[in-house]
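Peer 1: One structure is given below, represented as structure tokens, and several questions about it will come after.
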Amino acid sequence: KSICVVGLGYIGLPTSVMFAINGHDVRGVDVNTRAVDMINNKQLHIEENGLEERLGEAVESGKLVASTEPAEADVFIIAVPSPIREDKTANLEYVQQATKAIVPFVKKGDLVILESTVPPRTVEDVMLPILKESNLIIGEELFVSHSPERVIPGKVFQELVDNDRIVGGINDKSSQLTKELYEVFVKGTIHLTDATTAEMVKVIENTYRDVNIAFANELAMISEQIGVNAWEAIQLANYHPRVNIHTPGPGVGGHCIAVDPWFLAELEPNLSKIIQLSRNTNDFMPMYTADKIEEFLKEEDIDKGKVALFGLSFKANIDDQRESPSLEVIKRLASKGIEYTAYDPHIKELTLRNQTDNREEAIRGADILVILTDHDVFKNMEPSELAEEMRTNIIYDTKNALELEKWERAGFTVKRLGDTKI
Ligand code: SAJ
């Protein structure tokens, strides 16, 4: 089949690559000309485990070609961003633009699949009216479905294959055609439903996680007040067969979990109280973290001081900084006039003020080292590598990334989010 994938980001590119190496002719479309050129030259514009070799294979075989313009195809897959606006309502501009862009190219018998996460009813209320402009009869001549991506950055290729998939068609035929398409590489079960339910399922999954993390963050803050180690308490509680509490941290980042709950809140503001409260709790965590840093400096009688911030991406072992809590921590520290140096070996481009790609430079003369992301490279650091350069031996670990005993044995004072016993 010929497949046109609109949006070549963290989801669209791996998906294009998977279809291409499984024999389909894929045209990947993106408005970013630099990304298009890089892809055609087998170069990565994003970091993802296993992407490089697969992209090489897909482009070399001629099965994947990137372009800035869509073209005729049997299947259209839309995988564009669906962010929120300042006022926390969904910005569906990219979904609308992508849908409009394919209208001139859809023909009788084609299938259009939306992979982007959207507020429930978007396919029915936003996409279908646009697709009707093709003059094809929707559901008879043009088939449409929502098949939300569910993969976790860092493990995209494994999860694309192994995860179950939800497919919600605007009718049975649309669902069936979509299922047949993904079966070429999906080993998990493909569950069929209607489009609006599929949209709801996807948003529920990420909202569940957000609410659960907010709960963990609340437990961390309470634990600090009453002298309990929240990490231990949560771990022990999770031994219960029906308890699964997530982990606390300096906030929730990424373009999914920190965004999608608002899609539900927007639809029913008065019925989504826990959802909104959780979002606000998680958004508050970077402030809480920055305030703690200031407090620790004050305890040491250090005014302003110099903070070494380790970890800028929104979670471990990836290069993605979108909605990263680290950036909020930085803003807050800057507003307090506290000096900092930011370091993240996963992030290649230095875009922030006081960012360095040199670890020694980052910690040189630092009054406190703050771990904001639990990258493996941080977990595997040895105390001897840092001891020389820092001015003090204080570490604030917001992710429970460091092996406490090892660092304390080496003379460091490790303060941990959610734990005051130390
Ligand atoms: N986080 C915590 N505590 C936790 C788990 C995560 O503070 O216990 C933080 C992370 O540090 C990060 C943020 O939450 O800042 C989000 O990270 P994540 O690993 O939970 O999720 P994402 O955004 O990388 O991917 C999620 C996944 N959804 C679920 O697990 C339900 C993924 O499967 C989705 O495909 C993706 O959102 C998406 O695109 O919607």
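Peer 1: Can you tell me which of (1) modelled with pLDDT under 95; (2) more than 16 Å from the ligand (Cβ to nearest atom) is the one Asp291 doesn't meet?
Peer 2: If we test Asp291 against (1) modelled with pLDDT under 95; (2) more than 16 Å from the ligand (Cβ to nearest atom), just (1) comes out false.
Peer 1: Further question: In segment 9-28, how many residues are hydrophobic (A, V, I, L, M, F, W, C), without any contact (Cβ under 8 Å) to a residue 60 or more places away in the chain and buried (at least 21 other Cβ atoms within 10 Å of the Cβ)?
Peer 2: 4
Peer 1: Just for segment 192-224: of the residues that are free of Cβ contacts under 8 Å to residues at least 40 places away in the same chain and over 23 Å from Leu267 (Cβ atoms), which one is nearest to the ligand (Cβ to nearest atom)?
Peer 2: My answer is Ala216.
Peer 1: Oh, and also: Within segment 1-115, which strands (runs of 3 or more DSSP E) (wholly inside it) include 1 or more residues that are under 22 Å from His146 (Cβ atoms)?
Peer 2: It comes to 2-6, 25-29, 75-78, 110-114.
Peer 1: Would you confirm whether or not segment 379-392 contains a residue that is modelled with pLDDT of 95 or more, surrounded by fewer than 22 Cβ atoms within 10 Å (Cβ to Cβ) and within 16 Å of the ligand (Cβ to nearest atom)?
Peer 2: Yes.
Peer 1: Kindly indicate the residue of segment 230-279 that is basic (Lys, Arg) and surrounded by fewer than 19 Cβ atoms within 10 Å (Cβ to Cβ) and also nearest to the ligand (Cβ to nearest atom) among those meeting that condition.
Peer 2: Here the residue is Arg242.
Peer 1: With the requirement that a residue be among the charged types (D, E, K, R) and closer than 26 Å to His346 by Cα, what does segment 23-76 give you?
Peer 2: Answer for segment 23-76, where residues must be among the charged types (D, E, K, R) and closer than 26 Å to His346 by Cα: Asp30, Arg34, Asp37, Lys42, Glu47, Glu48, Glu52, Glu53, Arg54, Glu57.
Peer 1: If you don't mind, another one. Do we have Val112 as in contact with a helix residue (DSSP H, G or I) (Cβ under 8 Å, 6 or more places away or on another chain), within 16 Å of the ligand (Cβ to nearest atom), more than 12 Å from Glu199 (Cβ to Cβ) and in contact (Cβ under 8 Å) with a residue 12 or more places away in the chain here?
Peer 2: No, not satisfied.
Peer 1: Sticking with this structure for a sec: Going through segment 305-335 one residue at a time, which ones are more than 12 Å from the ligand (Cβ to nearest atom), modelled with pLDDT of 95 or more and out of contact with any strand residue (DSSP E or B) (no Cβ under 8 Å at 6 or more places or on another chain)?
Peer 2: Lys331, Arg332, Ser335
Peer 1: May I ask you to say which residue of Ile395, Ile302, Ile347, Ile368 is touching a Gly at 6+ places or on another chain (Cβ under 8 Å) and either assigned by TED's automatic domain parsing to the domain that holds Gln235 or more than 16 Å from the ligand (Cβ to nearest atom) (or both)?
Peer 2: Within the list Ile395, Ile302, Ile347, Ile368, the selection yields Ile368.
The values are calculated or read from the model by the stated rules, or taken from the named source; none is laboratory data. The structure displayed is predicted, hence computed values, not measured ones. Using ideal geometry, Cβ is built from the backbone for each residue, glycine included, and neighbour counts are taken over all protein chains shown.
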